[in-house]
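First up is the structure itself, then whatever we jot down about it.
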Amino acid sequence: MELLNVLPKRFRECFIALCPNHAAMFKLVNASKPEIRALLAGDKPELRLTLAGQVTPVLFTEVHWTDVRACLASLETVEDGP
């Protein structure tokens, strides 16, 4: 499942593995979509998403968390330009 599908570039680091139920909720009833990029700016390797009206924690390994944040940071550098 792609964590952020609105990015101008696709990164393999921005994919997450979810069980079938949570994957369906993430895709269809995810009230956190507008906030995901902001949530990734936090220091804790965890997202607290609202899926089907329930807050659901999504935990990351430190390496995955660092990689996702590095991908987003690289895009911000490109968007800001020289």
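The values are calculated or read from the model by the stated rules, or taken from the named source; none is laboratory data. Note that the structure is a prediction, hence the values are computed from the model and not measured. Cβ: placed from backbone, ideal geometry, glycine included. Neighbour counts: every protein chain shown. For accessibility, only protein heavy atoms count, side chains too; no ligands or nucleic acids. Shrake-Rupley method; radii C 1.70, N 1.55, O 1.52, S 1.80 Å.
The angle between the Cα long axis of helix 62-80 and the main principal axis of the chain comes to about 50°, on a 0 to 90 degree scale. Overall form of region 1-42: oblate. Here a/c, set by the Cα gyration tensor axes a ≥ b ≥ c, is 1.5 or more, and a/b is not larger than b/c. Taking amide H as placed 1.01 Å from N in the peptide plane, the amide H of THR56 sits under 5 Å from that of LEU49, THR50, LEU51, each at least 5 places away or on another chain.
Computed 3J(HN,Hα) for region 24-36, one whole-Hz value per residue from the Karplus formula 6.51 cos²θ - 1.76 cosθ + 1.60 where θ = phi - 60°, is 5, 5, 4, 6, 9, 10, 9, 7, 9, 3, x, 9, 4, glycine and proline marked x.
Cross-link reach is defined here as a Cα-Cα straight distance under 22 Å, omitting same-chain residues fewer than 8 places apart; for LYS9 the lysines meeting it are LYS27, LYS33. Based on protein heavy atoms only, the chain ends up with 67 Å² per residue of surface accessible to a 1.4 Å probe.
The mean sequence separation of alpha-carbon pairs under 8 Å and at least six residues apart, normalised by the residue count of region 1-65, gives a relative contact order of 25 percent.
On the beta carbon distance between ALA24 and GLU46, with R0 = 30 Å, the FRET formula returns roughly 0.90. For the chain, the share of accessible area belonging to carbon and sulfur comes to 57 percent (1.4 Å probe, ligands and nucleic acids excluded).
State the answer as a single residue: which of GLY42, VAL58, HIS22 lies farthest towards the positive end of the charge dipole of region 1-77, with beta carbon charges of +1 for Lys and Arg and -1 for Asp and Glu, about the Cα centre. My answer, from the dipole projection, is HIS22.
When the dipole is taken about the Cα centre of the chain, and only Lys, Arg (+1) and Asp, Glu (-1) are charged at their Cβ, what size is it in debye, to the nearest 20?
So the dipole magnitude of the chain works out to roughly 300 debye.
The Cα atoms of the chain give a gyration tensor whose axes a ≥ b ≥ c have a/c of 1.5 or more with a/b greater than b/c, which makes the shape prolate.
Maximal additional length on extending the THR56-ARG10 stretch stands at 14.1 nm, based on 0.36 nm per residue less the C-alpha distance.
The alpha carbon gyration tensor of region 18-63 gives principal lengths a ≥ b ≥ c with a/c of 1.5 or higher and a/b no greater than b/c, which makes the shape oblate.
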